[in-house]
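Let me begin by presenting the structure, written as structure tokens, before commenting on it.
The values are calculated or read from the model by the stated rules, or taken from the named source; none is laboratory data. Bear in mind that the values here come from a model prediction, so they are computed numbers and not experimental data. Every residue, glycine among them, receives a Cβ derived from its backbone with ideal geometry; neighbour counts consider all protein chains shown.
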Amino acid sequence: MNKVRVLIAEDHQTVREGLKLILNSQPDIEVVVEAGDGNKAIELTKELLPDIVLMDLSMPKLNGLKATEKLKESCPAVNVLVLTRHTEDGYLQQLLRLGASGYLLKQSPPGELLHAIRSIAAGGKYLDPAVAGRVIGGYSSRQTHTVHSGHEELSGRESETLRLIAWGHSNKDIAQQLGLSVKTVEVHKSNAMKKLGMRSRIDIVRFALLQGWLEET
């Protein structure tokens, strides 16, 4: 099994140790190196090219926002999962524009951290459920009720479902956010994939990229 290689960028050693303990306890994830500031995170990323950089937003010398910007410029293939206590839309939107693959609150349980890392490693995006609702709400208000794909048209619910899947959310998460049953979400997913000739989750992510769903402005 190829493990997901993670670099932890966090200035508090106690927090780093806790994160490392959680991640290294998993058979499919390993922490390859740690950094205590943004500059060191960029230096080590260039050297080791991890799959994911777990980036604290508040760090000395170079904060997580600037570090993400510089890292994506120099190592665009490396994914950045931001870990922060900030729930403000300003931080979220800036980081998404800079190319971050995920945004996770430190207040979230360990299971969410693992879910986020695995979702991103599989080619998806991830937003903490505590902030995802605002992004989805903004998206819904800007979109029409159908998506023209060159195949059959997707309904609003079908496109919303695919978009949330592309962001890395489970059927249960989607059901809660859209106020639907899990079974209904599964039906929307199945119908949408059939209309678009999709066979896998990777197909959904590719379609989301083409639609611009993973690029927030």
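Tabulated results
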read-out: Selected residue [buried (at least 20 other Cβ atoms within 10 Å of the Cβ) and either over 18 Å from SER101 (Cβ atoms) or touching a Leu at 6+ places or on another chain (Cβ under 9 Å) (or both)] from LEU81, LEU62, LEU44, LEU48; value: LEU81
read-out: Selected residue [closer than 30 Å to GLN26 by Cα, in the same structural domain as ASP203 (by TED's automatic domain parsing) and at pLDDT below 90] from LEU178, LEU162, LEU127, LEU154; value: LEU162
read-out: Pick from segment 97-112, criterion among the aliphatic types (A, V, I, L, M) and in contact with a strand residue (DSSP E or B) (Cβ under 6 Å, 6 or more places away or on another chain), ranking: surrounded by the fewest Cβ atoms within 10 Å (Cβ to Cβ); value: LEU104
read-out: Answer from LEU54, LEU65, LEU81 - the residue that is part of a helix (DSSP H, G or I), within 16 Å of the chain's Cα centre (by Cα) and not basic (Lys, Arg); value: LEU65
read-out: Condition broken by VAL31, with the remaining ones in (1) at pLDDT 95 or above; (2) assigned to a helix (DSSP H, G or I) satisfied; value: (2)
read-out: Qualifying residue in segment 59-68 (condition: within 13 Å of LEU113 (Cβ to Cβ), out of contact with any strand residue (DSSP E or B) (no Cβ under 8 Å at 6 or more places or on another chain) and either of a type in the set (S, T, N, Q) or at pLDDT below 90 (or both)); value: no
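Every residue, every condition in (1) surrounded by 13 or more Cβ atoms within 10 Å (Cβ to Cβ); (2) among the polar types (S, T, N, Q); (3) farther than 20 Å from GLY123 by Cβ, yes or no:
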site: THR14; (1), (2), (3): no, yes, yes
site: GLN26; (1), (2), (3): yes, yes, no
site: GLY38; (1), (2), (3): yes, no, yes
site: ILE52; (1), (2), (3): yes, no, no
site: LEU57; (1), (2), (3): yes, no, yes
